[in-house]
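**Student:** First the structure, then my questions, so here it is.
The values are calculated or read from the model by the stated rules, or taken from the named source; none is laboratory data. Source: prediction; values computed, not measured. As a convention, Cβ positions derive from the backbone with ideal geometry for all residues, glycine included, and neighbour counts pool all protein chains shown. Ligands, DNA and RNA are stripped out before the accessible areas are found, and what is left, the full protein with its side chains, is counted by its heavy atoms. Shrake-Rupley method; radii C 1.70, N 1.55, O 1.52, S 1.80 Å.
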Amino acid sequence: MQQVFKDHQLCKQDSPLGSYIAPYAAEMRGKNYPQQTIELHVRLIADFSQWLAKRRITAQKVNAELFQPYLRARARRRRPTGCEFRALRQLQDLLVREGVVPEPAPPAATPADRLATEFHFYLRQERALASTTQSYYLTFVSEFLRERFGAGPVDLSCLCARDVTGFVQRRAANIESRRVQLMTTSLRSFLRFASYRGDIDTDLAACVPAVANWKLSTIPRALPAHQVELVLNSIDRNTAMGRRDYAILLLLARLGLRAGEIRALTLEDLDWKEGLIKVRGKGCRHAQLPLPTDVGEAIADYLRNGRANTGSRCVFLRVRAPIDGFQGQSGIGSLVKHALARAGVDAPRKGAHQFRHGLASQMLRWGASLSEIGELLRHRSPQTTAIYAKVDLASLSTLALPWPGGAQ
């Protein structure tokens, strides 16, 4: 780093941030940032250190309140690149870990925030809902509380049916029907939680408007087997990204894993000796599935020749820095969307779940029973698997009554 920045004043150890440049750069290299990005960030920190020196501010006084004044001053001299604030936050994190500055205090929580936190604990401990479901519930409940109470005190006893129905009507106008149903379910759950705590006396959960939802009314949007093979064959397995994507798509196609289950896989979940893979499913339920040969070979190829050498225990990592596991299920969904486009497959849906539906439909054609499909897909209830009976045309044809009058 001294060689790269030998002419820069920050290389002097007596500058405010001089002794932290090398650890900062080493940390970025450890996260597999490109060298060009590392140099860009370090030059920014160097400039920030000069700004601090002119104002006689030491490293021990660095905090987030200094970032905006510095960035405004920098913008008058240089065109912003878009990475400035992220670089400064990384610097602050480093200084906290080094013990130079204290941990920044979190923003003051409002009464609505504290109640949402208690509701989150209830969802996790009492309801044992999946983390994704918890996140959806909290999103809508937090919006409801902020809209009704703002940053002030929260008095649930003053809620009335008009507050609930009005919120649903306003939000339903801007979101799709499936999310409207999720919103109403979230509100009912929260209002029952409030009633359980004794915060409300009336059954406001009954006031939440119902959303039309006929069970088994839809047909699973399955990706046909020939299109699955098209997608798999379109992957360039000579690159690190290609090896990763191929292994993920095989897990979707051969085992019907959900996107969240793939994101949650760790290296400890792979039992190479027994040929098993542990899957963390919905509701904190764990299951062990046999690892098909082609899936195991694809994962092993990625681990040996594509996966970055990091301390992360996630099986599948992001390709771009910072190198770590996927932040959410959307990363898997984006991967699937690009794979479909690359293969020229115009599927009605672009998400990962259609591979799961495709596997179930293919198993039906092979003669598997609904109970066997439910066992592989780890369904809690047989009713969840029953929807696949709609795509079993061979069995359904035996139930069809003859047309009155015969064929015309």
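**Student:** Condition check: at pLDDT below 90 and open to solvent by less than 20 Å² (accessible area, probe 1.4 Å). Does Val228 satisfy that?
**Tutor:** Working: at pLDDT below 90: yes; open to solvent by less than 20 Å² (accessible area, probe 1.4 Å): yes.
Criteria met by Val228.
**Student:** Search region 259-289 for residues being under 19 Å from Glu372 (Cα atoms) and either of a type in the set (Ser, Thr, Tyr) or surrounded by 13 or more Cβ atoms within 10 Å (Cβ to Cβ) (or both), and hand back the single one that is modelled with the lowest pLDDT.
**Tutor:** Only one residue fits best here, namely Lys282.
**Student:** Given (1) more than 25 Å from Thr110 (Cα to Cα); (2) more than 26 Å from the chain's Cα centre (by Cα), identify the lone condition not met by Ala161.
**Tutor:** That leaves (1) as the condition not met.
**Student:** Can you name the number of the only condition in (1) touching a residue at least 40 places away in the same chain (Cβ under 8 Å); (2) open to solvent by 80 Å² or more (accessible area, probe 1.4 Å); (3) not in a helix (DSSP H, G or I) that Tyr136 fails?
**Tutor:** (3) is the only condition that Tyr136 fails.
**Student:** Report, by residue number, each residue of region 161-203 that is outside any helix (DSSP H, G or I), open to solvent by less than 60 Å² (accessible area, probe 1.4 Å) and touching a helix residue (DSSP H, G or I) at 6+ places or on another chain (Cβ under 8 Å).
**Tutor:** Hits for region 161-203 are Ile175, Asp199, Ile200.
**Student:** Answer with yes or no whether Glu176 is touching a residue at least 12 places away in the same chain (Cβ under 8 Å) and closer than 30 Å to Gly281 by Cα.
**Tutor:** no
**Student:** Of all residues in region 308-339, count the ones that are among the polar types (S, T, N, Q), part of a helix (DSSP H, G or I) and free of Cβ contacts under 8 Å to residues at least 40 places away in the same chain.
**Tutor:** 2
**Student:** Within region 141-153, track down each residue that is open to solvent by less than 40 Å² (accessible area, probe 1.4 Å) and on the phi < 0 side of the Ramachandran plot.
**Tutor:** Correct list: Val141, Ser142, Phe144, Leu145, Phe149, Gly152.
**Student:** Search region 68-95 for residues being assigned to a helix (DSSP H, G or I) and over 25 Å from Gly30 (Cα atoms), and hand back the single one that is most open to solvent (accessible area, probe 1.4 Å).
**Tutor:** Arg72
**Student:** For the condition within 21 Å of Val101 (Cβ to Cβ) and in contact (Cβ under 8 Å) with a residue 40 or more places away in the chain, what is the one hit in Ala25, Ala53, Ala46? It would help to see each step written out before you state the result.
**Tutor:** Working: Ala25 fails: in contact (Cβ under 8 Å) with a residue 40 or more places away in the chain; Ala53 fails: in contact (Cβ under 8 Å) with a residue 40 or more places away in the chain.
That would be Ala46, the only listed residue that is within 21 Å of Val101 (Cβ to Cβ) and in contact (Cβ under 8 Å) with a residue 40 or more places away in the chain.
**Student:** Quick test for you: out of Phe167, Phe144, Phe149, Phe140, pick the one residue that is touching a Phe, Trp or Tyr at 6+ places or on another chain (Cβ under 7 Å), modelled with pLDDT of 90 or more and closer than 14 Å to Leu115 by Cα. Don't jump to the end; show me each part of the working.
**Tutor:** On the way: Phe167 fails: closer than 14 Å to Leu115 by Cα; Phe149 fails: touching a Phe, Trp or Tyr at 6+ places or on another chain (Cβ under 7 Å); Phe140 fails: touching a Phe, Trp or Tyr at 6+ places or on another chain (Cβ under 7 Å).
Exactly one of Phe167, Phe144, Phe149, Phe140 is touching a Phe, Trp or Tyr at 6+ places or on another chain (Cβ under 7 Å), modelled with pLDDT of 90 or more and closer than 14 Å to Leu115 by Cα, namely Phe144.
**Student:** To continue, here is another question. Just checking, how many residues over region 285-339 are in contact with a Phe, Trp or Tyr (Cβ under 9 Å, 6 or more places away or on another chain) and acidic (Asp, Glu)?
**Tutor:** Within region 285-339, residues that are in contact with a Phe, Trp or Tyr (Cβ under 9 Å, 6 or more places away or on another chain) and acidic (Asp, Glu) number 1.
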